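The values are calculated or read from the model by the stated rules, or taken from the named source; none is laboratory data. Note that the structure is predicted; figures quoted are calculated from it, not measured. As a convention, Cβ positions derive from the backbone with ideal geometry for all residues, glycine included, and neighbour counts pool all protein chains shown.
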Amino acid sequence: MQYVKIASALYSFRREIGVVIGVLALIIILPIFAVIGLLNNGVQGASDALVSVDPVTHKVEVRDAKGALITTMDATTTWPIKGVVTQEFGHPNPPYQVGHTGIDIDGGNGSSATVFMAGKVLKVGNVLEGCGNHCVIVDHGFGITSIYAHMSAYMVSVGQQVKPGDVIGHEGAEGWATGPHLHFEIQIAHIPVNPRIFMVGNPPPRN
């Protein structure tokens, strides 16, 4: 009988209880979104400070942390894989990353991947947390490196010189991945920057 009275009393205050629960939820959730927003802006802000592109000439300027110009290069039309972009740089990507550090491209499981510009293979294998056992990192000079992750296999070795068109591996779903795709990331001085700054247009459609 006592439980019935308690339940009846709670029911009579259901609107007030709902308001209290809603307020508590906002108090808990809003700071989480605020932190996500700040960190995401930090990723994008760092990218904007380190690299920029002229939208008309497609000239890319790479700078150091102090803002000094390191090098100028042409943006490329050579995307690392054919397919559809499924996740952009900087987008919230819980629970894996607060802000996505690269671009995800779905080219179809097993599709061949290449490099976006010439360089030397720096690391292969399980070299970054969450990227799987067949990750490839390429050094392009001037502090620029590119990362190709979640692949099902890699086809290159450390120290090998590679250029656009050379197959470095095949798309997969290894590591922290919910499905087959290639995670394509570019870093300057170990800081992720938006790969689209170096790229013209979108990946070509897969066959």
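In this structure, does Ile81 turn out to be at pLDDT 90 or above, surrounded by 21 or more Cβ atoms within 10 Å (Cβ to Cβ) and assigned to a loop (DSSP other than H, G, I, E, B)? Yes, satisfied. Of the candidates Gly130, Gly201, Gly179, the single residue that is among the small types (Gly, Ala, Ser), touching a Phe, Trp or Tyr at 6+ places or on another chain (Cβ under 9 Å) and more than 18 Å from Trp79 (Cα to Cα) is Gly130. Taking residues in the stretch 132-158 that are in contact (Cβ under 8 Å) with a residue 40 or more places away in the chain, and partners anywhere that are surrounded by fewer than 20 Cβ atoms within 10 Å (Cβ to Cβ) and assigned to a loop (DSSP other than H, G, I, E, B), the pairs with Cβ atoms closer than 6 Å and at least 6 places apart or on different chains are Gly132/Glu174; Gly132/Gly175; Asn133/Asn126; Asn133/Glu174; Cys135/Val127; Cys135/Leu128; Gly143/Ala189.
Which of the residues spanning the stretch 29-78 are β-branched (Val, Ile, Thr), at pLDDT 50 or above and assigned to a helix (DSSP H, G or I)?
Restricting attention to the stretch 29-78, the residues satisfying the condition of being β-branched (Val, Ile, Thr) are 29, 32, 35-36, 43, 51, 53, 56-57, 60, 62, 70-72, 76-78.
Then drop every residue that is not at pLDDT 50 or above, which leaves 43, 51, 53, 56-57, 60, 62, 70-72, 76-78.
The one that is β-branched (Val, Ile, Thr), at pLDDT 50 or above and assigned to a helix (DSSP H, G or I): Val43.
Are any residues in the stretch 194-203 under 15 Å from the mean Cα position of the chain (by Cα) and either modelled with pLDDT under 95 or part of a loop (DSSP other than H, G, I, E, B) (or both), and if so, which ones? Once the filter is applied, which keeps residues that are under 15 Å from the mean Cα position of the chain (by Cα) and either modelled with pLDDT under 95 or part of a loop (DSSP other than H, G, I, E, B) (or both), the stretch 194-203 yields only Asn194. Before we move on, is Gly132 more than 24 Å from His100 (Cα to Cα) and not in a strand (DSSP E or B)? Against the criterion (more than 24 Å from His100 (Cα to Cα) and not in a strand (DSSP E or B)), Gly132 does not qualify.
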